[in-house]
1. Among the listed residues S216, S289, which satisfies the condition of being touching a Lys or Arg at 6+ places or on another chain (Cβ under 6 Å), in the same structural domain as S132 (by the TED database) and either among the aromatic types (F, W, Y) or open to solvent by 20 Å² or more (accessible area, probe 1.4 Å) (or both)?
2. Among the residues of the range 327-348, is there at least one that is without any contact (Cβ under 8 Å) to a residue 24 or more places away in the chain and either among the polar types (S, T, N, Q) or assigned by the TED database to the domain that holds Y276 (or both)?
3. Does N157 meet the test of being of a type outside the set (V, I, T) and either in contact (Cβ under 8 Å) with a residue 40 or more places away in the chain or not assigned by the TED database to the domain that holds F305 (or both)?
4. Is it fair to say K206 is among the charged types (D, E, K, R), open to solvent by 20 Å² or more (accessible area, probe 1.4 Å) and modelled with pLDDT of 95 or more?
5. Of the conditions (1) buried (at least 20 other Cβ atoms within 10 Å of the Cβ); (2) in the same structural domain as V94 (by the TED database); (3) β-branched (V, I, T), I370 satisfies every one except a single condition; which number is it?
6. Can you give me the number of residues within the range 64-77 that are open to solvent by 10 Å² or more (accessible area, probe 1.4 Å) and within 28 Å of Y260 (Cβ to Cβ)?
7. Need pairs with beta-carbon distance below 7 Å; first residue touching a residue at least 40 places away in the same chain (Cβ under 8 Å) and of a type in the set (A, V, I, L, M, F, W, C) and within the range 377-390, second outside any strand (DSSP E or B) and open to solvent by 20 Å² or more (accessible area, probe 1.4 Å); sequence gap 6+ or separate chains.
8. Any idea which of N244, N164 is in the same structural domain as N88 (by the TED database) and not in a helix (DSSP H, G or I)?
Amino acid sequence: MLSGSSLIWIGALLLGLEASLTRASDFQHHGYEEMVRALFAIQSECPYITRIYSIGRSVEGRHLYVLEFSDNPGIHEALEPEFKYIGNMHGNEVLGRELLIYLAQFLCEEYQAGNERITHLIHDTRIHILPSMNPDGYEVAARQGPELNGYLVGRGNAKEVDLNRNFPDLNALMYYYEKHNGQNHHLPLPDNWELQVEPETLAVIKWMQNYNFVLSANLHGGAVVANYPFDKSREPRIRGKTSNSATPDDKIFKKLAKTYSYGHSWMHKGWNCGDYFDEGITNGASWYSLSKGMQDFNYLHTNCFEITLELSCDKFPPATALTNEWLANREALVSYMEQVHHGIKGMVYDENNNPISNAVISVAGINHDITSGTDGDYFRLLLPGTYTVTASALGYQPFTKTVTVGPAEAVQKMYFLVFSMIFLNSARTISSRTSRQTD
């Protein structure tokens, strides 16, 4: 039977909601086959707003299935940001896997019920959900089950490789560039990198390269805290000593982490699993230094901002705990997705109104640039404030514009920059326009 506090959560999340997925019988662990059936059942239930695709296979040949939500599945719409959730990177950290399955069911059900918040989110965002990045490791952990599962059993893939220590290490290059005024975004990968990573890692990197993701979260277990980049320390590792390793976007990363921690029932309280994290957040390197991790790789190689969500003290919680875990995380999962709409977005055109891809968008005072996508659209997460923004591209004259970002709350006016750029040898004047749209 659900507790009184659980019933409050069921009724209070979103105004006008009937409580979906609230029966205890709805919450269970999903092996690979059960997970696949659940994903295809959701796609069958909501065929016009969902698509299932595989980004590759695991070592043992299991598909890495992604469930997409959009009002136009399979299509990138200009000025509509791409968002992703990844679960179960460590095979024995299973709560994220289950929460993402429940989230997918929830989005489908609430869209069908006409919930305005969820409808708005799906119409204005392309959402990609990968419940399990490590299905092979999960099967190893699940054979032992919640009662006997060891701290490391099933953590790695079928080759026992930790996938969160398997991405190309771009931090060392970034820290070198910081000292020598070098490139600050989209750092190049080393030679033969594809031969140095596991199949699951390779699939995710190719996925990142094929989709212009703006925001992401990676769901883990073993603690309760929202962890933001950088994970790798700039300082030499000294036993028993850690140091904060901030990105140029430290303020926005803290805001993103707090969005999740305060949306969660108890993460923000700080004391969890015998540890204390102020407001339920931490810089990764300040906690412990980690090399070759996925969240740093996102920031350094792509346009995507990613944080790591540690969601449970128990890496493999019993099925009886899943209901309360879902209720504790549901609002946070939705609120975090909404953050993808905060900041500025726009288009980069040439003088003939042709979109320019790979144009560099720079914000004065923040030493991290992003680039426009294939359609010429760009998305730059920013806190409220006034910024000087420059668009530049090879063979074109840069254009600079001052823009003000409004309050960083959902369903607020967003500011759009539209740059018309000219070839350096053109005699035409440069024009720009700024427009507002109410979300």
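1. Testing whether each residue is touching a Lys or Arg at 6+ places or on another chain (Cβ under 6 Å), in the same structural domain as S132 (by the TED database) and either among the aromatic types (F, W, Y) or open to solvent by 20 Å² or more (accessible area, probe 1.4 Å) (or both) leaves just S289.
2. No, the range 327-348 has no match at all.
3. Here the answer is yes, as N157 does meet what is asked.
4. Yes, satisfied.
5. Failed condition: (2).
6. 6
7. Within 7 Å, the pairs are L383/K251; L383/K255; L383/A408.
8. N244
The values are calculated or read from the model by the stated rules, or taken from the named source; none is laboratory data. Since this is a predicted model, take the numbers as computed values, not measurements. No Cβ is skipped: glycine too gets one built from the backbone with ideal geometry, and neighbour counts run over all protein chains shown. These accessible areas exclude ligands, DNA and RNA; they are computed on the full protein's heavy atoms, side chains included. Shrake-Rupley method; radii C 1.70, N 1.55, O 1.52, S 1.80 Å.
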